Amino acid sequence: MSFTVEERGIPNSLSYRLFFKNSEGKYISPFHDIPIYANEGQKIFHMVVEVPRWTNAKMEIATKDLLNPIKQDVKKGKLRYVANVFPHKGYIWNYGAIPQTWEDPKHKDKNTGCHGDNDPIDICEIGSKVCSRGEVIKVKVLGVLAMIDEGETDWKVIAINVEDPEANELNNISDVDRLKPGYLKSTVDWFKRYKVPDGKPENKFAFNEEFKDKDFAIEVIKSTHNFWKALICQQTDGGELNCKNTCISSGDSPFCCSVNEAQAAIGDACPCEKEEPIPSSVDKWFYYDKV
C-alpha cells in the first residue's frame, strides 16, 4: 500500500494544502482512509508525517476540511511556527498522527482525568531519517507520554520507523534510554516548554512525567481507534469534524465522498505556486530558566 501527495496553493501561506492519493490515484482522507495498521499481526502502524524533524511550521491534518489535507495551523490570522526554545531547533522528531484514531473530547480518560483533544493521536518518530511532509511511514510503537495541554489529554506516542537501521534494537521505551540516552528527557523538556515563548505556562504531564511502555501505548492507540470507529459509524457526534471519506463509508452514508466531490475540493484550491519566504523571526532562539 502506497500513498502520494499533491501540493496546492502557495507554500508558507494561508492557501497551502497538501492532499493525499492512494496507489490507485484516488484522492483520500489521511484522517479516515489510510488504515491504522500497516501490519496488524505484527502491531505495525501507519504514521502520517505532518512535520519533518528540525522544521518549525506547525503543520497538521485539517480535521474540519473536506478530505482533511495537511495545512499550517493559524492563530489570530497568522501562520503558526513553534518557537526554538534552547537548546532545541524546531521539532526534534518527525512528528505526525496515526490515521483512524481520534481523542474524543467527550471522553474523560481514567489515567489523566482529562478529556481528549479532538484530534488524531500524535506520534513522534525518533529514527535517523528526516522524513518528508505528507510521507506515510510504517512504525513500531515503543511507548507513550501523557501530556496535559490546557486541560486536555494529548497523548504523545513514541515510535521508530521500521526501516530505520536501529529498528530491530528498539522494541520498548527502555531501549530508547539505552540507545539514545537523553532523548526522552529532551522530549519531555520540549513539550513542557514549547509554548512558553507565546506567553503560556509550561505544560503538565500525567504519571509524574514518566513514559509508559509499549503495551500501554498500544492499548491507548486501540482506544482512540475505537473512538474513531464510533465517529465514522455515526455512533457519536464529531461536531465540526469533517468525516467525509472516499474509501471507508458506503454509498448511502452521508460521509461517503464521491469522485466528483473530491475532485471539486481539489479544484477549489489554487495550483501550487512559488513559495513565500519564511519569516526571519522563526529562527529566533529563546532562552529562559527552567521553572
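In whole percent, what relative contact order does the range 3-276 give with Cα contacts below 8 Å and a gap of six or more residues?
Taking the mean separation of contacting Cα pairs over the length of the range 3-276, I get 23 percent.
Would you mind checking which residues have amide H under 5 Å from Thr153's amide H? H placed 1.01 Å from N; only 5 or more apart, or other chain.
Residues meeting the criterion, in which the H sits 1.01 Å from N, are His115, Gly116, Asp117.
Between Ala62 and residues 5 or more places away or on another chain, which pairs have amide H atoms under 5 Å apart, with H built 1.01 Å from N, and which residues are they?
Here Ile70, Lys71 satisfy the definition.
Take every Cα pair under 8 Å in the range 162-291 that's 6+ residues apart, average their separations, divide by the length, and report that relative contact order as a whole percent.
In percent, rounded to a whole number, it is 12.
Out of residues 5 or more away from Phe3 or on other chains, whose amide H comes under 5 Å of its own, with H placed 1.01 Å from N in the peptide plane?
none
Short version: ³J(HN,Hα) in whole Hz for each residue of the range 132-138, in order, from phi by Karplus 6.51 cos²θ - 1.76 cosθ + 1.60 (θ = phi - 60°), x for Gly and Pro, what are they?
Result, ordered by residue: 9, 4, x, 5, 10, 10, 9 Hz.
What ranking, highest mean first, results for peptides 258-264, 141-147, 161-167, 96-102 when packing means the other Cβ atoms within 10 Å averaged over each residue?
Highest to lowest by the protection proxy: 96-102, 141-147, 161-167, 258-264.
Under the Karplus relation 6.51 cos²θ - 1.76 cosθ + 1.60, θ = phi - 60°, what is the ordered set of whole-Hz ³J(HN,Hα) values for the range 185-202, x standing for Gly and Pro?
Per-residue couplings from phi come out as 4, 5, 5, 4, 4, 4, 5, 5, 10, 5, 9, 4, x, 8, x, 9, x, 5 Hz.
How large is the convex hull of the C-alpha atoms of the range 68-177 per residue, in Å³?
Measuring per residue, one finds 147 Å³ for the Cα hull of the range 68-177.
Across every pair of different alpha-carbon atoms, what Kirkwood hydrodynamic radius in Å does the range 1-155 reach?
Mean inverse Cα-Cα distance, inverted, gives 16.3 Å.
In whole Hz, with x marking every Gly and Pro, tabulate ³J(HN,Hα) for the range 33-40 from phi via Karplus 6.51 cos²θ - 1.76 cosθ + 1.60, θ = phi - 60°.
So the Karplus estimates, Gly and Pro as x, are 8, 7, x, 4, 9, 8, 7, 5 Hz.
Please report the Cα spread of the chain along all three principal axes, rounded to whole Å, starting with the longest.
Principal-axis extents of the Cα atoms in the chain, largest first: 53, 45, 38 Å.
Multiply the residue separation of Lys64 and Ser13 by 0.36 nm, subtract the distance between their alpha-carbon atoms, and state the gained length in nm to one decimal.
16.5 nm
Where does the charge balance sit around Val188 when Lys and Arg score +1, Asp and Glu -1, over other residues with C-beta under 10 Å from its C-beta?
Combined, the nearby Lys, Arg, Asp and Glu give +1.
Every number in this text was worked out from the coordinates using simple rules, so none of it is lab data. Quantities reported herein were computed from a predicted structural model and do not represent experimental measurements. Every residue, glycine among them, receives a Cβ derived from its backbone with ideal geometry; neighbour counts consider all protein chains shown.
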